[in-house]
Amino acid sequence: MTFWDQHGQEVEISQADQKWLDDSYFMTQQMRLEVDAPRAALSYRVSTKGQVDHDDIPMQKIACRKFAQEHGWRVVLEKAEKGISGSKVSASKRDVIQELRSEAGKGNFDILLVYMFDRLGRIESETPFVLEWFVQHGIQMWSTHEGQQRIESHGDKLMNYIRFWQAAGESEKTSMRTRDRIRQIVSSGHFAGGFVPYGYRAINKGRVNKRDQPVKDLEINPDEAAWVREVFTKVAEEGASGYAMAQMLNQRGLRTRQGAEFQSSNIKRMIQHEGYTGYIITKAARSEFIPQLQIIDEALFTKANEMISKRSKKAMKDKNAAQKSSNPTLLAGIIVCAHCGAKMSAFLHTDRYKLADGSIREKVQAKYNCYQRGQHLRQCDGQSLYLAERVDRIVLAYADELFHKIKSEPYDKSIEQRIRQQDAEHNRQKQAAEKKIKAAQYKQQRYEDEVLKCLEGESAFSQEMLARLIAQAEAEVRQAKDEYAALLQSNTDRTTVQQIRGYYDEFLGWANEFDLAPIQRKRAILAQLLEKVELGKGYKITIHVKGTYQQFLGEGEPNEKL
């Protein structure tokens, strides 16, 4: 019989050991013990789904049952946790730990036996105190590999802390090895398994893993890829919502990988998946560009993401998106009241006039209105209604001026120089942060090297002081790494020289297409070009151009009052 051990290696179980998995055999052996034999509880845990599938728990069960029998302990309780990470899941959220605590509190067992003490957990700031809790409640703590753990002196407490500190380090190393392996697979341009994004399919192309088992690679699914392109195009060019795109796919009879109808959340995840631009991407790695996997180009990906992010509920409080509507207005979503700051809505309004002959004449016109003023929700001394055609005409004239200016003026390369200076400053900060991490890690290592000296009585540090200094050094390392990560994130968010040129080309492209574009496209262009349009009494209008594009228009006021 073959099982897998905790390291994922195949182990052949002997016939003599296999019988310990037989409950009836084990009960027969237990019946030979003294009536007053010490009562033991056995606890098993495996961390990952893969270990559950490969049945690692029987390995622990054999070792623990044999150990208990050899020591003359009567097993009164057996608990198993499957697929629970000891380094990520707190003991307070692990049912088995809580059940064992409850049984210990009731005095239902005398000994808690585990395969190794790291089966209790691998959180160095918590697990030592879990073990200590059981000892304080009169429970002997044993492992088949490490024997009994006593808590009778400060040295015992330090050794207890060090054991789980080492276990946490091993857990981190295991995670690092897994991430490194995934990073190697992805970096070499191969699929590492898991969820297959819409637009692709996983097929066998002859590649095998180190166990000589076939593994799958990605290729484009032509039918699904066409739908993905259509979704990106409608979102980027027309400002279509995730809900509308989900409805479109559902009406065509399409379903998600799970067989469910599409929701707006599925569309949002699709739009945010950068892999469609020709990459295999995981949390830990990103492949080189793979032309065979490119469904859309990066420009379309960027446009669609800018549009979909503006539509999120959180972003809608501060930003605006082009909104589809049945009326012919241009500024829905970006027009605000200049008097109270509230967003204005667009709708078709019917005006009625009584003529000289007594007849009633009706005229339907698109208008903007301040909803907050109309409903008396806030103080506002502006107008209630504005003719949309008049407002749109003014904004269109200003947009024409902007587009004429961008087409007539040459590209200003000084903008790129400013970006390069910002890059140099960021690199300086990054190097300083890297030095800070190394200094903190050196301090941590220096204290850790004192542990053995402390146990041998040769250190100038007391055990309590050393434990405190190690914890403090670990906190400094974490803080330095967090600061470094924040710098990397800010670098991701910053505009690059390549992006600057892309924004310019985008601006110029809008200028060339705007005159002949349909109303929906003009609305989408204005929503991307303008931050907002403030509309006040007497049709006083202030137009705010987004800074991304304002920089190409030369010096002057960023906001134009008309």
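The values are calculated or read from the model by the stated rules, or taken from the named source; none is laboratory data. As the structure is a computational prediction, the values presented were derived from the model and not from experiment. Every residue, glycine as well, gets a Cβ built from its backbone with ideal geometry; the counts of neighbours run over all protein chains shown.
Just one of the listed residues (Ile406, Ile415) is at pLDDT below 90, within 39 Å of the chain's Cα centre (by Cα) and over 18 Å from Leu529 (Cα atoms), and it is Ile415.
Evaluation of Gly8 against the conditions (1) at positive phi; (2) at pLDDT 85 or above shows that the sole unmet condition is (2). In the set Ile182, Ile162, only one residue is modelled with pLDDT under 80, closer than 30 Å to Leu466 by Cβ and surrounded by 12 or more Cβ atoms within 10 Å (Cβ to Cβ); that residue is Ile162.
Residues that are among the aliphatic types (A, V, I, L, M) and under 42 Å from the mean Cα position of the chain (by Cα) within the stretch 61-83 comprise Ile62, Ala63, Leu77, Ala80, listed in sequence order.
Looking across the stretch 421-471 at every residue that is assigned to a helix (DSSP H, G or I) and among the small types (Gly, Ala, Ser), the one that is nearest to Leu488 (Cα to Cα) is identified as Ala433. If I filter the stretch 377-386 for residues that are among the aliphatic types (A, V, I, L, M) and assigned to a loop (DSSP other than H, G, I, E, B), do I get at least one hit? Yes: the stretch 377-386 contains one or more residues that are among the aliphatic types (A, V, I, L, M) and assigned to a loop (DSSP other than H, G, I, E, B).
For the stretch 334-364, give me the residue count where each residue is closer than 27 Å to Leu396 by Cα and touching a residue at least 12 places away in the same chain (Cβ under 8 Å). Count: 19.
Give Ser359, Ser384 a once-over and let me know the one that is of a type outside the set (Lys, Arg) and either closer than 25 Å to Arg523 by Cα or modelled with pLDDT of 85 or more (or both).
Only one candidate passes the filter, namely Ser384.
Looking for something touching a helix residue (DSSP H, G or I) at 6+ places or on another chain (Cβ under 8 Å), modelled with pLDDT of 85 or more and β-branched (Val, Ile, Thr) - is there at least one such residue anywhere in the stretch 519-526? Yes: the stretch 519-526 contains one or more residues that are touching a helix residue (DSSP H, G or I) at 6+ places or on another chain (Cβ under 8 Å), modelled with pLDDT of 85 or more and β-branched (Val, Ile, Thr). With respect to the stated conditions, Lys268 fails to be of a type outside the set (A, V, I, L, M), under 30 Å from Leu529 (Cβ atoms), without any contact (Cβ under 8 Å) to a residue 24 or more places away in the chain and touching a helix residue (DSSP H, G or I) at 6+ places or on another chain (Cβ under 7 Å). Taken over the stretch 251-294, the criterion of being under 15 Å from Ala236 (Cα atoms) and among the aliphatic types (A, V, I, L, M) is satisfied by Ile267, Met270, Ile271. Being at pLDDT 80 or above and on the phi < 0 side of the Ramachandran plot is true for just one of Tyr503, Tyr484. Which residue is that? Answer to the check: Tyr484.
So that you can scan it fast, the table gives a plain yes or no per residue for (1) touching a residue at least 40 places away in the same chain (Cβ under 8 Å); (2) surrounded by fewer than 18 Cβ atoms within 10 Å (Cβ to Cβ):
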{"residue": "Ala202", "(1), (2)": "no, yes"}
{"residue": "Val208", "(1), (2)": "no, yes"}
{"residue": "Gln213", "(1), (2)": "no, yes"}
{"residue": "Val228", "(1), (2)": "yes, no"}
{"residue": "Thr233", "(1), (2)": "yes, yes"}
{"residue": "Gln258", "(1), (2)": "no, yes"}
{"residue": "Glu261", "(1), (2)": "no, yes"}
{"residue": "Pro291", "(1), (2)": "no, yes"}
{"residue": "Ile295", "(1), (2)": "yes, no"}
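Restricting attention to the stretch 69-110, and to residues there that are assigned to a helix (DSSP H, G or I) and of a type in the set (S, T, N, Q), which single residue is modelled with the highest pLDDT? Step through it out loud before you land on a result.
So the first thing to find is which residues in the stretch 69-110 are assigned to a helix (DSSP H, G or I), and the list is 69-70, 91-93, 95-105.
Next cut, of a type in the set (S, T, N, Q) only: 69, 92, 98, 102.
Working: Gln69: 94, Ser92: 60, Gln98: 86, Ser102: 90.
Only one residue tops the list, namely Gln69.
Looking for something touching a Cys at 6+ places or on another chain (Cβ under 6 Å) and at pLDDT 85 or above - is there at least one such residue anywhere in the stretch 290-298? No: zero hits. In the condition set (1) under 30 Å from Ala480 (Cβ atoms); (2) free of Cβ contacts under 8 Å to residues at least 60 places away in the same chain, Lys367 is compliant with all but (1). In this structure, Lys66 does not satisfy being at pLDDT below 90, assigned to a helix (DSSP H, G or I) and either surrounded by 18 or more Cβ atoms within 10 Å (Cβ to Cβ) or not hydroxyl-bearing (Ser, Thr, Tyr) (or both).
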